[in-house]
Structure formats: structure tokens, C-alpha cells
Amino acid sequence: MSRIKTFRIVIDGVEHVVQVEEMGSAAAVAAPASVALPVAPPPAPTPMAAPTPAAPAPPPASAGGGEVVVAPLQGKIFTINVNPGDQVKAGDTLIVIEAMKMENEIPAPHDGEIASVSVARGDQVAAGDPLVTYK
């Protein structure tokens with residue numbers, strides 16, 4: 001016993017009415033009934049004010065006044081490649097955070113000297129937690 005169902009489909013603002021026949025275990029067959037019925041166009045989008053670009057935020061500072069490098073994502077401290085007093089160059093890997101079985105290298109934002117390391121290997125960190133502080 002076959003059953004025929006009628007469906008209304010709108011594609012790119014044009015309404016199409018199709019009939020689908022259910023044929024038991026066989027694949028369904030679609031046949032257009034009436035095609036290209038006009039549909040009211042969607043309402044025009046409301047104009048929005050253009051966003052103003054935000055000024056770049058200054059680097060976070062610690063109580064001692066140095067720049068703090070924070071965790072960009074949640075994860076576990078996999079390796080720490082610096083110690084207090086180390087000189088680093090921009091791009092040097094400071095810390096590696098393991099997140100979702102991926103190792104994410106945290107690079108030095110610029111040249112400088114490391115004042116302190118706020119984490120230890122194996123620590124869990126959340127996004128925004130302090131990792132190291134520059135002098």
C-alpha cells in the first residue's frame with residue numbers, strides 16, 4: 001500500500017510543492033506538483049551601525065609591574081622551558097600546554113627577561129591564568 005504525502009519546500013525564496021510517495025522498503029520518489037509559487041520576500045535587514053575598532057588592550061601587569069603571559073586555553077602544563085632570570089627572544093616557546101591531546105606551544109610575545117614562573121609541570125590551568133611574568 002503506497003501513501004502519498006505533499007510537502008511545501010521554499011528554496012531561495014521560491015515555494016515548491018512536492019508529492020512524495022512512500023513505497024515500503026523501496027526508495028521514495030519525489031514529483032513536483034506545482035512549482036515556482038511566489039513567496040513574500042524576507043524582510044530587509046535593519047541597517048546596523050558599523051562597529052568601531054577597539055584599541056588594543058595593554059598587556060596585563062602583575063603586582064610587580066611586569067608583563068604577565070596568560071594561558072590562551074584551558075589545559076595541563078606539559079613542559080616549562082624557562083626559569084626566572086632567563087633571557088628570551090620573541091617567539092621562543094615559554095610553556096607547552098596539553099589540551100585535547102594536543103601540545104600547544106605558548107610563545108614569548110617579545111624579547112625580555114623572565115621574572116617568575118607561576119605554574120608547575122602537571123598543573124591544570126584555565127584560559128586567562130597567569131603563566132610567566134616578564135621583568
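Would you check if Glu113 is assigned to a strand (DSSP E or B) and within 21 Å of the chain's Cα centre (by Cα)?
On the way: assigned to a strand (DSSP E or B): yes; within 21 Å of the chain's Cα centre (by Cα): no.
No; evaluated as a whole, the condition is false for this residue.
Taking Thr52, is it at pLDDT 95 or above and among the hydroxyl-bearing types (Ser, Thr, Tyr)? Break it down into steps so the answer makes sense when it comes.
Working: at pLDDT 95 or above: no; among the hydroxyl-bearing types (Ser, Thr, Tyr): yes.
So Thr52 fails the test.
Ala90 fails exactly one of the following numbered conditions: (1) at pLDDT 95 or above; (2) hydrophobic (A, V, I, L, M, F, W, C); (3) touching a Pro at 6+ places or on another chain (Cβ under 9 Å). What is the number of that condition?
(1)
What residue, among those in region 120-132 that are over 11 Å from Val82 (Cβ atoms) and open to solvent by less than 40 Å² (accessible area, probe 1.4 Å), is farthest from the chain's Cα centre (by Cα)?
Of all residues in region 120-132, those over 11 Å from Val82 (Cβ atoms) come to 120-130.
Filter once more, keeping what is open to solvent by less than 40 Å² (accessible area, probe 1.4 Å): 122, 125.
Details: Gly122: 25, Val125: 18 Å.
Looking at the filtered set, the residue picked out is Gly122.
For region 71-108, enumerate the residues that are more than 11 Å from Leu131 (Cβ to Cβ), open to solvent by 70 Å² or more (accessible area, probe 1.4 Å), touching a residue at least 40 places away in the same chain (Cβ under 8 Å) and not in a strand (DSSP E or B).
Matches in region 71-108: Gln74 only.
The values are calculated or read from the model by the stated rules, or taken from the named source; none is laboratory data. Just so we're clear, the structure is a prediction, and the values are computed from it rather than from any experiment. Cβ coordinates were reconstructed from backbone atoms using ideal geometry, including for glycine residues, and neighbour counts include every protein chain displayed. Side chains are part of the model used for accessible areas, which takes the heavy atoms of the whole protein and leaves out ligands, DNA and RNA. Shrake-Rupley method; radii C 1.70, N 1.55, O 1.52, S 1.80 Å.
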